[in-house]
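Q: Mind looking over this structure? Questions follow.
The values are calculated or read from the model by the stated rules, or taken from the named source; none is laboratory data. The shown structure was predicted, so the numbers you read here are calculated from the model rather than taken from an experiment. Quick reminder, even Gly has a Cβ in these numbers, built from the backbone with ideal geometry, and neighbours come from all protein chains shown. The protein model used for the area step is the full one, side chains on, heavy atoms only, and it has no ligands, DNA or RNA in it. Shrake-Rupley method; radii C 1.70, N 1.55, O 1.52, S 1.80 Å.
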Amino acid sequence: AVVSTQSTGDLAGRISLVTFAYNDFFKDYQAKDFTYDFFNDPTVQANLQVYSSNRQELVSWGNHEVKEVQAEIIPCNITSMDFFDKLTAPGLVRESGALYKCFDEDIDGFLVADELHRMLLTEESEHWEVYNEEERQELLFLLFKHLVLGGPVCQYDDKIDRYLEIAKGLYKELITVQKNSETKKIELISKVLKVSAWDGDICWFPGDEHHQTFCYLILNPVNRIVTVFSHDYGKGCW
């Protein structure tokens, strides 16, 4: 891999986007091998950063031998924000965009005060089935979920508009599209992998098993560009 461009964005210092170029064609069945070779590449290791042991400071990753990886292919098929129209189900999100409130409760370490958060976190929500399991695996849904859940001390919005606006912008930035020459329809051509990488007992990426600590490799197969999109929940806020 050769670094072509690098940009480290930050949402209270915890979100990172780093872009590399790669040489070979990518096929879905190569997901694990690609991930293994990627994290063991010297150029990648020299340009990725991780959080220090106190989870507060970004430091250079340095040289490591990644011994084990996991790579899950994430579907990326949604081409319209109409995907979220179902959120206006009765009792979930009002037509004005305001979120229906609920009694405060702790779910998986998140203080939940509205029905949208309940729908994202627990099958006990009466709105859980608004989105089926296949839809919940879509990258756009995952981005939206990450944004809504936020960080450990974030302030939640009372309306859905801002979440949808940011999810749309992030999705457009991360994903590559092209027009099908026959159907003339826009198609998403990016390949998305949700990955983890270990050096022995140490999981460097994504760093821990929290809902909101994640690492995605997003591949543009035409230009052979891969973006590392990651977030460390840590002790930050967003």
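Q: Can you give me the distance in nm between label points at E105 and I202, each placed 7 Å from the Cα along the Cα-to-Cβ direction?
A: That separation, rounded to one decimal, is 4.0 nm.
Q: OK, next. If I compute Cα Rg over 2.2 N^0.38 Å from the structure I just sent, which labelled value in [x] 1.19; [y] 1.05; [z] 0.97 lines up?
A: Given [x] 1.19; [y] 1.05; [z] 0.97, the calculated one carries the label [y].
Q: 7 Å from Cα along Cα→Cβ at both E173 and A21: what's the point-to-point distance in nm?
A: 2.3
Q: Out of residues 5 or more away from D114 or on other chains, whose amide H comes under 5 Å of its own, with H placed 1.01 Å from N in the peptide plane?
A: When sequence neighbours closer than 5 places are left aside, the close amide H contacts are C102.
Q: About the Cα centre, and with charges only on the beta carbon of Lys, Arg (+1) and Asp, Glu (-1), how big is the dipole of the chain? Nearest 20 debye, please.
A: The dipole magnitude comes to about 920 debye.
Q: Now for a separate question. What's the carbon and sulfur percent of the chain's accessible surface, probe 1.4 angstrom, rounded to a whole number?
A: 47
Q: Remind me, relative contact order of the chain in percent, using alpha carbon pairs under 8 angstrom and six or more residues apart?
A: Details: 415 pairs, mean separation 59.2, N = 238.
Taking the mean separation of contacting Cα pairs over the length of the chain, I get 25 percent.
Q: May I pose another question? Before I look further, what does the chain give for accessible area per residue, probe 1.4 Å, in whole square angstrom?
A: Per residue, the chain has 53 Å² of solvent-accessible surface.
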